[in-house]
Amino acid sequence: MEPLHQQPEIYLGVAAFLLAAGIFGLIRRRTLVGMLIAGELIFAAAALNFLALNRFMAPDRVVGQVAVLFIMGLAAAEVCIGLSVVIAVYRNYRSIQTKTLSDLSG
Amino acid sequence: MNTFPGAALLMNAAFGLAILATAAGALIAVLSRRLIRSVCGLALCCFGLAGLFYFLHSPFLALMEILIYVGAVCVTIVFAVMLAEPDEPPETGADRRAGGAWWTGAAVVLSVAVFWGVTRLGYGHSWSPVAEPVRQGTVPEIGLALLTTFSMAFEAISLVLVVAILGALVIARHGRTQP
């Protein structure tokens, strides 16, 4: 039997858990920053999946690491834009709850 | 193979600790009511993820995970929490009547379904391990690949980061003079 840290299924299970937690947070959190944190969890799940599948299935072990570096760059850009939007929203509405951003709802 | 007694046990313990930190951090990040605790949960989750990356033979990415996520992303979110309203208010009775419990139930059902489906996909497939790796994925090889094979993607991601920083400055600076 392989040692635990050399079974790809465990990594895939952890990544699925992170994805599920991120989706739960995206639906359930009521502030913009909370939703941003849940989005980060989904990015982390994608990165873990990339790296696990690359480590166990792909012959070239560089590609997955480069892909994860790109995911980290995209996540950083997303946080940067998201937080600036949060600050702009807070200046205008004095609140970052999603419920208050309802100018366009009928 | 193991010269040190109990090396396999230690390895399993460290691996379990990494998985536990990842899962507990994710749960704290989505379940706690105070935003600052959510950020701490995200940091814990990233530490655990860095441990998992280390077990996947990528120590460079483990360091990058700690450096970028814990060092930059979490600190930036903490700044935003300081500048904006910190907490979610407790759920009032009106919220609950307006379908808050229904939404929670829907979120639980959807996330459990996603978890079950993806896990079943992962465990149901018989993964055939690769015979002989072409490249081992060392740091010099990553650097070489970034500057040769992936050079255009590398330039594109730098452009995305520059545009994101400029856009963030423009958005957050607007309205600064308002009371």
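The values are calculated or read from the model by the stated rules, or taken from the named source; none is laboratory data. The shown structure was predicted, so the numbers you read here are calculated from the model rather than taken from an experiment. Neighbour counts run over all protein chains shown; Cβ positions are idealised from the backbone, glycine included. What goes into the accessible areas is simple: the full protein's heavy atoms, side chains included, and nothing from ligands, DNA or RNA. Shrake-Rupley method; radii C 1.70, N 1.55, O 1.52, S 1.80 Å.
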Provide the three semi-axes, in whole Å and in decreasing order, of the ellipsoid equivalent to the stretch A:26-106 as defined by the square roots of 5 times the Cα gyration tensor eigenvalues.
35, 13, 8
Surface/4 estimate of mean projected area, convex hull on alpha-carbon atoms of the protein assembly as shown, nm²:
18.1 nm²
Nearest 10, in degrees from 0 to 90: the angle of helix A:32-57 to the longest Cα principal axis of chain A is 10 degrees
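Please report, as a whole percent, how much of the solvent-accessible surface of the stretch A:1-67 comes from carbon and sulfur atoms (probe radius 1.4 Å). Numbers along the way, then the final one.
Numbers: 1480 of 2020 Å².
Solvent-exposed carbon and sulfur of the stretch A:1-67 make up 73 percent of the total.
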Charge tally in the Cβ shell below 13 Å around B:L161, where Lys, Arg are +1 and Asp, Glu are -1, B:L161 excluded
-2
Taking the alpha-carbon centre of each part, the distance from the stretch A:50-106 to the stretch B:1-52 in Å is 21 Å
Gaussian network model of chain B, springs between alpha carbon atoms under 10 Å - residue of B:T148, B:T104, B:T138 with greatest fluctuation
B:T104
Over all viewing directions the Cα convex hull of chain B casts an average projected area in nm² of 16.8 nm²
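Within 15 Å, Cβ to Cβ, of B:I68, how many net charges do the neighbouring residues add up to if Lys/Arg are +1 and Asp/Glu are -1?
Here the charged neighbours net out to -3.
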For chain B, with a Gaussian network of springs between Cα atoms less than 10 Å apart, report the residue from B:G71, B:G41, B:G105 with the top mean-square fluctuation.
B:G105
When B and A pair up, the total accessible heavy-atom area removed from solvent (1.4 Å probe), in Å² to nearest 100, is 7200 Å²
Hey, can you find the accessible area per residue of chain B for me, probe 1.4 Å, expressed in square angstrom?
63 Å²
Largest fluctuation, B:L83, B:L146, B:L159 only, Gaussian network model of chain B with Cα springs under 10 angstrom, belongs to B:L159
Net charge of neighbours whose Cβ lies under 10 Å from the Cβ of B:H57, counting Lys and Arg as +1 and Asp and Glu as -1
+2
